[in-house]
């Protein structure tokens, strides 16, 4: 379906607000069939909007299909970066995104994760907008200007 | 990006994977970076940071030097 660019952009914005709103409210990132049903549009239209959002680095699609891998900072699948907040569980794709979930929600939270090397459990707590408990060291393996070359690895 | 218990855990992780060691942050720097990057993401008026805004954020967290250069 060919639509005027403005209409595509307007719908992409609607999809963005729906996806991120659902992720924040429920801890689950909705996928194309649910988004289409919720917004009363076809799945093809939703997938087109998601590709547009992914091209704009607003979210990340899973390789080889139209599903959302991460409406970053919210990861669509369980990960080793678990965030407990508002009585719900969220997942980030990395420690930056786990912290980012807390920042986006603007709430107190506990992050349960593990050392990237030895897998020993690690815990961070945020309360009142401040990091109240932390341990360890954050490591970026990829230099900043290559972050989006392979965002999964980054 | 991952979190490790200690410096030697980072070294071992890099050696095991034959990956060059990158850059490290304290969890406090990580929180400041994540907060600046994502605090507005749920807002309807959200937009991506400009390159200049991202550079300012990195610098405000103390992340400067070639590793943190966002330009090609």
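Tell me, which strands (runs of 3 or more DSSP E) lie completely within segment A:49-154 with 1 or more residues that are within 11 Å of another protein chain (Cβ to nearest Cβ) and under 26 Å from residue B:51 (Cα atoms)?
In segment A:49-154, the matching strands (runs of 3 or more DSSP E) lie at A:68-71, A:88-92, A:137-140.
Kindly check whether there is at least one residue in segment B:48-61 that is touching a strand residue (DSSP E or B) at 6+ places or on another chain (Cβ under 9 Å), at pLDDT 95 or above and either on the phi > 0 side of the Ramachandran plot or more than 7 Å from chain A (Cβ to nearest Cβ) (or both).
yes
Filter segment B:30-43 down to the residues that are surrounded by fewer than 18 Cβ atoms within 10 Å (Cβ to Cβ) and more than 7 Å from chain A (Cβ to nearest Cβ), then identify the one that is nearest to residue A:118 (Cα to Cα).
Checked segment B:30-43; the qualifying residue nearest to residue A:118 (Cα to Cα) is B:40.
Looking at A:16, A:86, A:41, which one is touching a helix residue (DSSP H, G or I) at 6+ places or on another chain (Cβ under 9 Å), at pLDDT 95 or above and surrounded by fewer than 16 Cβ atoms within 10 Å (Cβ to Cβ)?
A:86
Quick check on my filter: what residues within segment B:1-19 are in contact with a helix residue (DSSP H, G or I) (Cβ under 9 Å, 6 or more places away or on another chain) and surrounded by fewer than 19 Cβ atoms within 10 Å (Cβ to Cβ)?
B:19 - this is the single residue of segment B:1-19 that is in contact with a helix residue (DSSP H, G or I) (Cβ under 9 Å, 6 or more places away or on another chain) and surrounded by fewer than 19 Cβ atoms within 10 Å (Cβ to Cβ).
For residue B:21, which of the numbered conditions (1) closer than 23 Å to residue A:137 by Cβ; (2) at the interface with chain A (Cβ under 7 Å from one of its Cβ atoms); (3) without any contact (Cβ under 8 Å) to a residue 24 or more places away in the chain fails to hold?
With (1) closer than 23 Å to residue A:137 by Cβ; (2) at the interface with chain A (Cβ under 7 Å from one of its Cβ atoms); (3) without any contact (Cβ under 8 Å) to a residue 24 or more places away in the chain applied to residue B:21, the lone miss is (2).
Give segment B:8-18 a look and list any residue that's within 7 Å of chain A (Cβ to nearest Cβ) and free of Cβ contacts under 8 Å to residues at least 12 places away in the same chain, or say none.
Within segment B:8-18, B:9, B:12, B:13 meet the criteria.
The values are calculated or read from the model by the stated rules, or taken from the named source; none is laboratory data. Quick caveat: nothing in here was measured; it's all calculated off a predicted structure. Reconstructed Cβ throughout: ideal geometry from the backbone, glycine too, with neighbour counts over all protein chains shown.
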